[in-house]
Each structure stands twice: as structure tokens, then as C-alpha cells.
1. By average Cβ neighbour count within 10 Å, what is the ranking of A:3-16, B:400-413 from highest down?
2. Ranked by Cβ crowding within 10 angstrom, fewest neighbours first, how are B:40, B:122 ordered?
3. Restricting to Cα atoms and excluding each atom paired with itself, what does the Kirkwood estimate give for the protein assembly as shown in Å?
4. Calculate how steeply helix B:382-401 sits against the longest principal axis of the alpha-carbon atoms of chain B, using the helix alpha-carbon long axis, and give the answer as 0 to 90 degrees to the nearest 10.
5. Return the average number of partner chain Cβ atoms within 10 angstrom of each residue Cβ along peptide B:262-269.
6. Would you mind listing how long the stretch B:151-303 runs along its three principal axes, going by Cα atoms, in whole Å with the largest first?
7. Taking a ≥ b ≥ c as the square roots of the eigenvalues of the Cα gyration tensor of chain B, is the shape rounded (a/c under 1.5), prolate (a/b larger than b/c) or oblate?
8. At a Förster distance of 60 Å, what's the computed FRET efficiency of residue B:145 paired with residue B:227, Cβ-Cβ distance as r, to 0.05?
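None of the figures in this text is laboratory data; all of them are computed from the coordinates on show. Quantities reported herein were computed from a predicted structural model and do not represent experimental measurements. No Cβ is skipped: glycine too gets one built from the backbone with ideal geometry, and neighbour counts run over all protein chains shown.
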């Protein structure tokens, strides 16, 4: 099961590359609308395979006798990050019907997965400090937040590349601007929630909700920066 | 000279300084940047570590600015205090205006006529559309007020006026969290206890080294580490403890990492574990004779035959020295009357090490006892923190997702038996959302107007 999960992860990674190319092709070659449709279909399939890979990993960890949710190390987090990016993009595509954004958002999922593939995918048991439901909530909220920031960054690149800055009051520019804003807001709120769930977890593991460690401090600095 | 602006009184100037949004932005940025600084400079290290990394001068700067314990440095706390004052005064300054905006009489809004954003012309007199427009507006926005201008019928509705309070919720949450931290610092305490299996302790060692009585006692029944199957990775650290109050057993609990126990507001966390040496039995080898002796920590024991006295300094149940030696080892302090004390190392009998000194020791038995290291804390501020955190997330949600929207619908006669429908709106955020709402309303007015 673990092997199948890993194979799926590899397949999904390169599917994201192919899908990115298809979105890009569909955007550049205006007549090739089938490319866009193909890319969307491909992305749905890839997302399903990606989901299967994560679920299989979860099941495999139970087979190994120490089952835990697949959000425990950098590999698993990146795989989950790629998944949230793909999902968030698809939701936006459904809501706006704009396929061009795929050329900017899907490559992010590809790079997240590519980075994951360079890491050791072995399923390892959890250290006692990591056995907490709050930790799972923490990881999920944080990575959804990262995905929000990731997509908004991709859309911002699109905003600049497609020259929307020349006509900031145009309909397309406004829609894009709104989407970027929405994604940043989602990211910001989720990261705030992520810090809170992280705090609750720390309180149950170490008895302190905040210990000014580098990661905590950076995250709050990002939080302050964003709110300012 | 009469137009020279008068300097406002000092109180007002201070008030205005703390009420400025510029100050908030600056404080947030300064806090973010300095917090990052604190992650780049290692915190709470020894002085020599700083000298090594930053040199003499650098270390002096670090000490002067308390950068080695930055988050507790007076200037950092002062920044936080400024932020708190800033938030409170900003809120107090703006709240009356906000409340006025929220409580504004719809009739007053009705008379305003903002610029038309959507319009269409329908068949039929204005009166024939009034009811339908009212229903649609009611459904899309909320409570409708109706009125007349000289020619037109005007409908007005608003929603989300309360969302203007979102930002105050966020400000309040920050203040509550800060209050929680202060409450925790003043009325709370934190420390640790290392407790042997079978031992009963009624005090803890605070972070500053002082002992603090708990007012009740804790007994460690058993400590255990379990490992994942076929590996050396620990899966669980567990202490079985009993709480005793005035000699009576009041509660039994299991402490695990991530699973603390609480009694009378004091929380106990599984933090570490190890082995304490309970008792060391050795043979004293002196002038060809061997005598068994028991040595202890912290107490000199007189040796038989007038061989001097000895004390246990440190012992390890198991040390590995490659092929040479494998077994227990101990450092023993030894002193003969009238000479300087010395430290000798003892191994089990037959160890291939030459004896140094007038006597030597052979370890017969080393009894160790398991101890569990517990973090202990009492933090009455923690509930402030959770309430504050919840409010903060809720507050951000309101601030970003809920807008105060106002929508006007004007129905004007346009020629014979025709009506001009004009839609206008205003909002304090998310203009695009308002635009979509007006478009939808316009479309609804048109789509079923023939029925």
C-alpha cells in the first residue's frame, strides 16, 4: 500500500507538470480550447489520484501498527500542500470559469510535489510529542493558509505578466485583484487559526502556549506584517 | 497673529499620538522586525558563547540592549505596552463614530441619493413594481424602509451594520491575550520536579531555582517507556501518579507527553526521565584487605580500619569503553585525615585499570532508581489566551468577510406606463461584492417583471 501511495505521488507530480503545460498552451494558443478542457479534466483526475495517495499512506501507517494522520513530517506536509493548492485552484476555476490561472497556479503544486519527491518518503512512527489531534488541526490550517498565499502569489504574477497594471480599473483586473485579495484573506485567517491551534498543542505537550522559539516568532512576525 | 494654531494641551497631544493609525503600523512593523532579530541572535546563551560569536564589542551591545533575552527586555515589553495603549485609545477614539454609523436612522439614509450603478426600464407604472422590488430587496439585503421623493418611490435596506464592530473585536482580543500573559506572569508559576519511583514530593523547583510548596503532594507509582515494535524509537513516556492532599489519596492520574494532568489548578506535564543512583555498594581495597561498604550521595562515610572517609560523587549504571570495559562506574570522593580530598574512579572487580591512590574501590552493586521529570505550572491566564485567540479569529473573519452594505432602489415614472428602476449602493469594503449584488438584483427585477 505504501509503495502504491508513493508511485501515485510520483505520477501525480508529473501529471501536474503536464497539466501546467496544457493550461499554458490553452492560454497562449487561443484556438486550442480543447487544451484547457483537457487540463481541467486532467487536474480533476490528478487530484483524485493525489487524494488516493494520501489516503493509502494513512491506511499503510495503520498496517505498520502505528497509524497516524499523514501530516507528520516535511514530506507528508509538502504532499498535502500540493493537494491543497490543486484543490483551491479548482474551486477558483469553478467559481470564475477562468482557465488561464491554471498556467500560474498548477506549477506551484508541481514544484511542491517535486520538492517532496526529493525527500525520504518512509512512513515513520510518531514521537510522543507529535501525538495530538491539535497538531493535525495545526498542520491542516497552516497548509491551507499557505495554499491561499501560494495561489494569491501565483495570481499576482499573472496580474503582472498579463499587463493588468496598465488598466487597473478594467473588469479583468478588478476580478483578478478581488481574487488575490480573497486568497490573501483566507491565507491570513487560516494562518492566524494555525498559530492558535499550534499554541493549544504546545500547551498540552509542554505546558506553555508560547515560548518565543524561532518558528513561533517568525510566524507571528508574518502575521503582524500581513495585518499591517 | 490670531491665525497661529494653538498648541493643544499636553494631554490631548499624548492622546492624539496614541490614537494615530500610523503609530499602530509602525509598532506592528517594529515588533515584527525586532521579533525576527530575536530569532537570529541566540537567546539565553552563556556570555562566552556571545563573545565567541560576536566579539567583545558585539557582546557589550547585546548585553546593553538585553538582546540575549530580548522578548523579556524592558524595551520590548514597552513596545508591547505601547501597542496595547495604542489599540485601546484608537478604539475609544473611533467607537462613538462607529456606533453612530450603526445606529443611523434609515429615514436619513433614504433621503440620500448616491450615484446610480444599475438601471433598467420596465413596463408598467412604478406602483405596480413597488411590492416586488420591496420583496426582492428584503430577501437580498434585509429590512426595507420606503419613502417618497418629489417624483420617485425610494426603497432602502442595509445589512451587516454590526460588522463595523469586527475591528474592535480584534483589538479587544489582543488586549485579552496580553492580559492573559500578564495574569499568568503575576499569579502563575512554572517549575519542575524530578521524582523517583515510589517517592512522594510536595514542592517543585521554580525556574529561578527556588523551592515552592504545592500545598499537596504527588507520588510517582511507576514510570515506563514503551517503544515501537522492533525499533529504538520511543512511542510513549508514561508516569502513573497519585495526588495526596493532607495525607489522603485524592486522585490517580497517568501523565503522558501531550496528555497532562491537573490538580487544584496546577498542571503536570511529562517532560523527561532518567535514572538516579540510589545506593552504591563497594569493596574498599586497603593494604591487601577488602571490606564491603555502602556509599551515599552527600554524606561522608567512615571507612573501616581507619582508612579514611569516602562519599559518592557520581555513578553510571552502564558505561561502554569498547573492548576494554563494560559495566558500572562511579566517581568517589576520598579523604584521609589531614590530607587533601581526592576523586577516585571505581569499576567492578577485575577491571583492567591500575589502581591509583592509597585505596581502591570495587563496585559490588549499583542500585538505580527510575525518576520521571515533570514540568509543573499554574497559569490562571491561560483561559484569557484561549478566549482572546477565539475572538481574534472571529474578529478577523468579521473584519474581512462581513461588510456594511446599503442598497437603494428608486422607481421613477418614465413616460407612459413605464418605470425606470435605478439601483445604487454603498459599502465599507468589498466593492466588487456589492457590484455583483446590484447586478443580481437588477437582473431579478427584469427577469420576472412580465409575470
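1. B:400-413, A:3-16
2. Lowest count first: B:40, B:122.
3. 31.8 Å
4. With both axes taken from Cα atoms, the answer is about 30 degrees.
5. Averaged over the peptide's residues, the number is 1.
6. That gives 125, 43, 33 Å along the principal axes, largest extent first.
7. Values: a/c = 3.96, a/b = 2.79, b/c = 1.42.
Prolate is the answer for chain B, as a/c is 1.5 or above and a/b outweighs b/c.
8. According to the calculation, E is roughly 0.25.
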